[in-house]
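*Asks:* Sharing a structure below in structure tokens format, with a few things to ask.
The values are calculated or read from the model by the stated rules, or taken from the named source; none is laboratory data. Just so it is clear, the model here is predicted, and its values are computed rather than measured. Cβ sites come from the backbone with ideal geometry, for glycine too, and all protein chains shown count toward neighbours. Ligands, DNA and RNA are excluded from the accessible area calculation, which covers all protein heavy atoms including side chains. Shrake-Rupley method; radii C 1.70, N 1.55, O 1.52, S 1.80 Å.
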Amino acid sequence: MTKSATKEGTKRYAQRFAARAASGHFREAQRMLLSSLGLGTYLGAPDQKTDEAYAAAVVAAAESGINVFDSAINYRFQRSERSIGVALEQLAAKGFSREEIVLSTKGGYLTPDGSMPSDANEYFFREYIQQGIFTARDLAAGSHCMTPKFLKDQLGRSLKNLGVECLDVYYLHNPETQLSEIAKPEFLDRLRAAFEFLESAVETGKIRYYGTATWNGFRKDPR
């Protein structure tokens, strides 16, 4: 399963449920038909039982009229993305194509790979700082980074985890976390650099749309 969701693919998906779906269940956005309900993959233990339960839930949802699925690379230490990837393979075997499914994920938070390492600081130092992906100064709250190099690395990992060539939506995950430690002018510079990278990812066909996923960013008065 490759490429991305398309107008034709999501329309074909909606037509599968024409006799069962409530009026208005499928809604047009960005030239695609999206189900009014989606499935997120945030909570749960980082173990095989939860992996299998998530994969089964995604398959059941897609077979029941839901074609919008969301994750983040840090959800369950990358395992939630991988569970969706497993589900996509199972759905392909059942006749559902990538073009029918709308996928979104997020990047910004540091995460281990599969499980918590015995020494998290050593893991992140070896995996990222020694590789020149970010410096200690780029981090906020000890867990958040949005440099272009880091986002490029995370996007690549997410695509591999999900087993796809392109994401329909990629979110910068809670960028306001950075404001806990840096001044607003520097925050805006970092945000601009992040968006410039995401725009380049659109140009190279790695993502179709991008934005921010935030708890408070659009609910507080600007200051």
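*Asks:* When only residues in region 204-223 that are small (Gly, Ala, Ser) and modelled with pLDDT of 95 or more count, which is most open to solvent (accessible area, probe 1.4 Å)?
*Replies:* First pass over region 204-223, keeping only residues small (Gly, Ala, Ser): 205, 211, 213, 217.
Adding the requirement that they be modelled with pLDDT of 95 or more leaves 205, 211, 213.
Numbers: 205: 36, 211: 17, 213: 20 Å².
Restricting to residues being small (Gly, Ala, Ser) and modelled with pLDDT of 95 or more, the top hit is 205.
*Asks:* On to the next question. Give the residues of region 118-177 that are of a type in the set (S, T, N, Q) and either within 12 Å of residue 201 (Cα to Cα) or under 13 Å from the mean Cα position of the chain (by Cα) (or both), sorted by residue number. Walk me through how you get there before you give the answer.
*Replies:* Taking region 118-177 and keeping what is of a type in the set (S, T, N, Q), we get 118, 121, 130-131, 135, 143, 147, 154, 158, 161, 174, 177.
154, 158, 161, 174, listed by residue number.
*Asks:* For residue 68, all conditions in the list (1) touching a residue at least 60 places away in the same chain (Cβ under 8 Å); (2) buried (at least 20 other Cβ atoms within 10 Å of the Cβ) hold save one; what is the number of the exception?
*Replies:* (1)
*Asks:* Does at least one position in region 4-12 carry a residue that is of a type in the set (Lys, Arg) and open to solvent by less than 50 Å² (accessible area, probe 1.4 Å)? Before you say what the answer is, go through the steps one by one.
*Replies:* Restricting attention to region 4-12, the residues satisfying the condition of being of a type in the set (Lys, Arg) are 7, 11-12.
With the extra rule that they be open to solvent by less than 50 Å² (accessible area, probe 1.4 Å), the set shrinks to none.
Taking every residue of region 4-12 in turn, none turns out to be of a type in the set (Lys, Arg) and open to solvent by less than 50 Å² (accessible area, probe 1.4 Å).
*Asks:* Being more than 19 Å from residue 168 (Cβ to Cβ), open to solvent by less than 60 Å² (accessible area, probe 1.4 Å) and of a type in the set (Ser, Thr, Tyr) is true for just one of 50, 41. Which residue is that?
*Replies:* One residue alone meets the criteria, 50.
*Asks:* Specify the residue that is least open to solvent (accessible area, probe 1.4 Å); the eligible residues are those in region 79-106 that are out of contact with any helix residue (DSSP H, G or I) (no Cβ under 8 Å at 6 or more places or on another chain) and closer than 21 Å to residue 26 by Cα.
*Replies:* Per the criteria, the residue is 104.
*Asks:* Kindly indicate whether any position in region 26-38 is surrounded by fewer than 21 Cβ atoms within 10 Å (Cβ to Cβ) and within 28 Å of residue 143 (Cα to Cα).
*Replies:* First, pick out the residues of region 26-38 that are surrounded by fewer than 21 Cβ atoms within 10 Å (Cβ to Cβ): 27-31, 36-38.
After this cut, where a residue has to be within 28 Å of residue 143 (Cα to Cα) as well, the list is 38.
Yes, there is a match, as at least one residue in region 26-38 is surrounded by fewer than 21 Cβ atoms within 10 Å (Cβ to Cβ) and within 28 Å of residue 143 (Cα to Cα).
*Asks:* Please note which strands (runs of 3 or more DSSP E) are completely contained in region 4-88 and include at least 2 residues that are over 17 Å from residue 161 (Cβ atoms). Step through it out loud before you land on a result.
*Replies:* Details: elements: 26-29, 32-35, 68-70.
Those strands (runs of 3 or more DSSP E) span 26-29, 32-35.
*Asks:* Follow-up. State all residues of region 11-59 that are among the hydrophobic types (A, V, I, L, M, F, W, C) and over 20 Å from the mean Cα position of the chain (by Cα); if no residue qualifies, say none.
*Replies:* Selection gives 14, 17, 18, 19, 21, 22, 26.
*Asks:* Residues being of a type in the set (Phe, Trp, Tyr), open to solvent by less than 40 Å² (accessible area, probe 1.4 Å) and touching a strand residue (DSSP E or B) at 6+ places or on another chain (Cβ under 8 Å): count how many of those fall in region 166-203. Full working, then the answer.
*Replies:* Taking region 166-203 first, the residues of a type in the set (Phe, Trp, Tyr) are 170-171, 187, 195, 197.
Next cut, open to solvent by less than 40 Å² (accessible area, probe 1.4 Å) only: 170, 187, 197.
Next, only the ones that are touching a strand residue (DSSP E or B) at 6+ places or on another chain (Cβ under 8 Å) stay: 170.
Final tally of qualifying residues: 1.
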